[in-house]
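J.: Quick one: this structure, given as structure tokens, is what I'll be asking you about.
We did not get these values from a lab; they are worked out from the coordinates using the rules stated. Remember, predicted model here, so these are calculated numbers, not experimental data. No Cβ is skipped: glycine too gets one built from the backbone with ideal geometry, and neighbour counts run over all protein chains shown.
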Amino acid sequence: MDARRASELLEAERERIVRALVGRRPTQSEDLSLTDAADLGSDVLIAELDEGLSDDLREELAAVDRAEARLAAGTYGLSVESGEVIPDERLEALPTAERTAEEQAVFEGRVEQEPGESGSPS
């Protein structure tokens, strides 16, 4: 994938994540004394879910930062594990991909690594 296209994809991904993060800003109830216990419990649950989603979005943003660093270093599109080329189709779908699909499956524990294969799912 050429650097211009990779940069476009990463910028679009960054914009998507930032928009989603801004939309996750927690809101405070104006007068908790008027809020019944069930509403307060719901508010706490929603706040916890929002915080979890915000954490996920911040992790995605960090992945964009790492991908941009690889782009600047000239290693974007190469697996961080093996150095193998990550197919353009995968990068179009997931611009922050750090591994080939097969390596990612092993990394996530969805597929066991065959004996004798190099690399470790760290």
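J.: Counting Lys and Arg as +1 and Asp and Glu as -1, what is the net charge of the other residues whose Cβ lies under 14 Å from the Cβ of residue 95?
T.: -4
J.: Calculate the radius of gyration of the Cα atoms of segment 46-105 to one decimal place, then report Dmax, the largest Cα-Cα distance, as a whole number, both in Å.
T.: Final numbers for Rg and Dmax: 13.5, 42 Å.
J.: Under the 0.36 nm per residue contour assumption, what length would be gained going from the current alpha-carbon distance of residue 20 and residue 92 to full extension?
T.: Here the segment from residue 20 to residue 92 would lengthen by 23.9 nm.
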